[in-house]
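What follows is a single structure, written as structure tokens, with notes after it.
The values are calculated or read from the model by the stated rules, or taken from the named source; none is laboratory data. Computed from a predicted structure; not experimentally measured. A quick note on method: Cβ atoms are made from the backbone with ideal geometry, for glycine too, and the neighbour counts reach across all protein chains shown. Remember, those area values only see protein heavy atoms, side chains included, never the ligands or the DNA or RNA. Shrake-Rupley method; radii C 1.70, N 1.55, O 1.52, S 1.80 Å.
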Amino acid sequence: MYRAINGSDTDTGRKADAMARKYFGTDGIRGATNTAPMTAAMAMKVGMAAGAYFQRGDHRHRVVIGKDTRLSGYMLESALVAGFTSVGMDVVMVGPMPTPAVAMLTQSMRADIGVMISASHNPYADNGIKLFGPDGYKLSDEAEQAIEALIDGDIPLVPSSQIGRARRIDDAQGRYIHFAKSTFPENLRLDGMRVVLDCANGAAYKVAPSALWELGADVVAIGVSPNGTNINDGVGSTAPQALAETVVASGADIGIALDGDADRLIVVDETGTIVDGDQLMATIAASWARQGRLAGGGLVATVMSNLGLERHLAAQGLGLVRTKVGDRHVLEKMRTSGYNVGGEQSGHIILSDYATTGDGLVAALQILAEVKRSGAPASEVLHRFEPLPQLLKNVRFAGGKPLDHDAVKAVIAEAEAELAGKGRLVIRPSGTEPVIRVMAEGDDLTQVEQVVDRICDAVRKAAA
């Protein structure tokens, strides 16, 4: 199994549209705070434009706004509130909450739109704005393009008598905790299980420990002291070493790491070994297949998931459908093809029976349920397959299209032939920076390293 992608994805028309956008990227609008486009002025324009776009029907229109723990969240929240209310939308602010909680609340509160202020796993100096439709799903390309057009246009303001109202609600955390707990098997409890939980000093720092404790776990919480600037700083799913050390030192049964907005999950077993999204998806898929609830006969993952996962699933009679990189593309395939488990190696795991986007806490509860149900150590339950050696290198280039050069194409074709039947090759330009990503995996690490180095060298020469 191998694939070379001469382009950043296989749906070139759609990607071209996305790249042509002025503000929206692959997951909302994101950037360094107080630098365009991530400014208070832009946030107010986004509120005005999104509010105007979703003003349909004669009911009182409502938007739910959540955020993570970044210092800049207060500034952007205030600007968004000003924008939405100026075009006549009522605003419900829920404070620091996970991204999936905002998606859930948007749907359950019958809001017209949901907004999450977060840059996910990025450092605190960055921030972003993610938008959800009334169904709790991220907006379509068409909706984002329409909102972009409004941002650059003249958005009419409502008369003073029709300005929207803004309020904070106090029970949002309780609503999400109740929802998350409802996804855990009714016949199970976590009594007797010590769980180290790393919330990345981010959006889940209150709700996640509460949910696990209420289900009976002995919770050792780290990354739960946000100060506005320490989100994802040496903690969370992108820096799991602190979690691994705490698991071993405290004699815990398992460790759970979320990222800044809690839509990503990485696990550490009782030995301190990190378990990535591929192993977690394999665990959930096997559990659900055994229970007769796995839809689609397999799961959806991206081109970056390890070939070992694909072989493991095939041995169980389950399939793996691959998409381009990005959780939104995974979700699209799940929705169009009838799958209910999907995700990324990085830990975005989507369980569509429960949620409209990746939810780190809900995925963690499925993992904890499987470990508890088995009665075996996490190290035995979660290590489902031996990953094949995988190597990813980035080649930066100044301009042009290095992958279109005949010399590069020849080296790629040679590598494909060499890996045929025993490895996989994925080559793609980044969608956000002038970088070519070269990834190979196979049974032979030396061969993988040689293949990647040859292709990188060819790209560098073509770009020179």
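Odds and ends about this structure:
- Selection status of residue 231, open to solvent by less than 30 Å² (accessible area, probe 1.4 Å) and closer than 23 Å to residue 385 by Cα: no
- Restricting attention to the stretch 217-246, the residues being in contact with a Ser or Thr (Cβ under 7 Å, 6 or more places away or on another chain) and either basic (Lys, Arg) or assigned to a loop (DSSP other than H, G, I, E, B) (or both) number 4.
Here's the yes/no breakdown for (1) of a type outside the set (Ser, Thr, Tyr); (2) within 19 Å of the chain's Cα centre (by Cα); (3) farther than 25 Å from residue 352 by Cα; (4) open to solvent by 40 Å² or more (accessible area, probe 1.4 Å):
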{"residue": "156", "(1), (2), (3), (4)": "yes, no, yes, yes"}
{"residue": "176", "(1), (2), (3), (4)": "no, yes, no, no"}
{"residue": "206", "(1), (2), (3), (4)": "yes, no, no, yes"}
{"residue": "209", "(1), (2), (3), (4)": "yes, no, no, no"}
{"residue": "214", "(1), (2), (3), (4)": "yes, no, no, yes"}
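- A Cβ distance below 7 Å, combined with a sequence gap of six or more or placement on separate chains, defines the contacts here; from the stretch 196-224, residues that are in contact (Cβ under 8 Å) with a residue 40 or more places away in the chain and farther than 20 Å from residue 260 by Cβ reach residues that are open to solvent by 10 Å² or more (accessible area, probe 1.4 Å) and of a type in the set (Lys, Arg) in the pairs 215/181; 215/189.
- Residues in the stretch 274-298 that are closer than 29 Å to residue 227 by Cα and not hydrophobic (A, V, I, L, M, F, W, C) were compared, and the one that is farthest from the chain's Cα centre (by Cα) is 276.
- The residues of the stretch 417-464 that are closer than 29 Å to residue 32 by Cβ, in contact with an Asp or Glu (Cβ under 9 Å, 6 or more places away or on another chain) and in a loop (DSSP other than H, G, I, E, B) amount to a single one, 431.
- So residue 147, is it open to solvent by less than 70 Å² (accessible area, probe 1.4 Å), in contact (Cβ under 8 Å) with a residue 24 or more places away in the chain and over 29 Å from residue 260 (Cα atoms): no
- Looking across the stretch 369-392, the residues that are closer than 17 Å to residue 271 by Cβ and touching a residue at least 12 places away in the same chain (Cβ under 8 Å) come down to 371, 377, 378, 379, 381, 382, 383, 384, 386, 387.
- Residue 353 being buried (at least 19 other Cβ atoms within 10 Å of the Cβ), among the acidic types (Asp, Glu) and farther than 27 Å from residue 459 by Cα: no
- Options 420, 415; residue that is open to solvent by less than 50 Å² (accessible area, probe 1.4 Å) and closer than 12 Å to residue 438 by Cα: 415
- Residues of the stretch 126-144 satisfying the condition of being among the basic types (Lys, Arg) and open to solvent by less than 30 Å² (accessible area, probe 1.4 Å): 130
- Filter pass, residue 321 being surrounded by fewer than 20 Cβ atoms within 10 Å (Cβ to Cβ) and at pLDDT 95 or above: yes
- Hits in the stretch 160-174 (condition: free of Cβ contacts under 8 Å to residues at least 40 places away in the same chain and assigned to a loop (DSSP other than H, G, I, E, B)): 170, 171
- When each of 189, 168, 194 is tested for being open to solvent by 10 Å² or more (accessible area, probe 1.4 Å), closer than 24 Å to residue 351 by Cβ and modelled with pLDDT of 95 or more, the lone residue that passes is 189.
- Residue 58 being in contact with a Lys or Arg (Cβ under 6 Å, 6 or more places away or on another chain) and open to solvent by 10 Å² or more (accessible area, probe 1.4 Å): no
- Yes/no for residue 344 being within 25 Å of residue 314 (Cβ to Cβ), touching a strand residue (DSSP E or B) at 6+ places or on another chain (Cβ under 9 Å) and without any contact (Cβ under 8 Å) to a residue 40 or more places away in the chain: no
- Note on the stretch 277-328: residues that are within 20 Å of residue 357 (Cβ to Cβ) and either in a helix (DSSP H, G or I) or free of Cβ contacts under 8 Å to residues at least 12 places away in the same chain (or both) total 11.
- Considering 396, 424, the condition of being within 27 Å of the chain's Cα centre (by Cα), at pLDDT below 95 and closer than 19 Å to residue 302 by Cα is satisfied by 424 alone.
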